[in-house]
Amino acid sequence: MTHALRHRTEPRGAGGGRTPRAARPVDRPPHPLPRGPEPADDPLYGDDAALALYVLYELHYRGFAGVDDGWEWEPSLLALRRRLEEKFEARVLEEAGPGLPSTDVAAALYEITGSAGGPSLSSYVATQGTLAQVREFAIHRSAYQLKEADPHTWAIPRLTGAVKAAMIEIQADEYGDGVERDMHQTLFGVTMRALGLDVRYGAYVDVLPGATLATVNLVSFFGLHRRWRGALVGHLAVFEMTSVEPMGRYSLAMRRLGYGPVARHFYEVHVVADAHHEQVAANQLAASLAAQDPRMAADILLGARAIMAVEGNFSGNLLAAWTAGRTALLRPVEALGVAAVA
Ligand SMILES: [Fe+2]
Ligand SMILES: [Fe+2]
């Protein structure tokens, strides 16, 4: 199924219909689909499994050109999603590993973020990343950054009181306080454009490996399931707490390669904003949620360990490819037909 999906993930706004395609079930109005073959690779990091889940999740975001919005709630697709998610969840729990119970959630979060193992991707990019690698990095991250903050927004109706207010404070910044130009999603597009990349939403999904898609699937999974709201909060907390230094390094890399303030703005904004967000996320958000409902503490820390593991795998995948002199994309950047503009 998913080999075919690689050719079926044409995103909304990416020139849908420019090539003739064989008739597909999703071109017709929603209807029950028969059960077909399912991905056989790793449910978390496998290229096929991750793409299948990514595509199913995308129906809950912006969907696909020419695909009826009603497919989002078609029971046979939801049943497929559930089967994939059961295996995905088991692998996430395995990757996150067991955690010690903690009554001081903020301290436990700092301990988790401080325990990152393996070489640093951002340090590599800052000191020796080539233009091709900086562009490739942006392509990988585009899967999330062009919808930055959207999956965490699903937490808002599920939180109450001061915890909800803290979530909204962070999210408001992520959405540029309601100014489109300042939305972090928009700013990432500016950086991509400066790098000569295709900024259309979903343009690169077909070339992203499972290790990259897993970083987005993780937060979509936590975001779409209310029962994982604690993990979603832990995910956001770690996201904010591990941002400042890497974002500064990515900005440094772009400066070294001759890019000016406009191109670097996305990274620079995060250096400033996330110095504040990390405090809000650790204390007013995560620790307050655990104080409000002590049963949430374990899930918050599970979400934190899960993002650390999945991001560690993402970084390791890129570094392994780059140090071996190849790309971590499924097809080389050069083959995508885009040119860098300084
Ligand atoms: Fe942001
Ligand atoms: Fe932030």
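The values are calculated or read from the model by the stated rules, or taken from the named source; none is laboratory data. Predicted model, so just to flag it, every value in this text is computed and none were measured. Every residue, glycine as well, gets a Cβ built from its backbone with ideal geometry; the counts of neighbours run over all protein chains shown.
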The stretch 261-278 - residue that is of a type outside the set (Val, Ile, Thr) and within 11 Å of ligand 2 (Cβ to nearest atom) and, of those, surrounded by the fewest Cβ atoms within 10 Å (Cβ to Cβ): Ala275
Residue check, Thr186 more than 23 Å from Tyr45 (Cβ to Cβ), not assigned by TED's automatic domain parsing to the domain that holds Glu89 and not charged (D, E, K, R): yes
Residue check for Ile307: more than 16 Å from ligand 2 (Cβ to nearest atom) and not acidic (Asp, Glu): no
Condition met for Glu245 (among the acidic types (Asp, Glu) and without any contact (Cβ under 8 Å) to a residue 24 or more places away in the chain): no
Evaluation of Gly258 against (1) buried (at least 21 other Cβ atoms within 10 Å of the Cβ); (2) farther than 29 Å from Met296 by Cβ; (3) of a type in the set (Gly, Ala, Ser) (one fails), failing number: (1)
Helices (runs of 4 or more DSSP H) (entirely within the stretch 177-243) containing at least 3 residues that are within 14 Å of ligand 2 (Cβ to nearest atom), in contact with a Leu (Cβ under 9 Å, 6 or more places away or on another chain) and modelled with pLDDT of 95 or more: 229-241
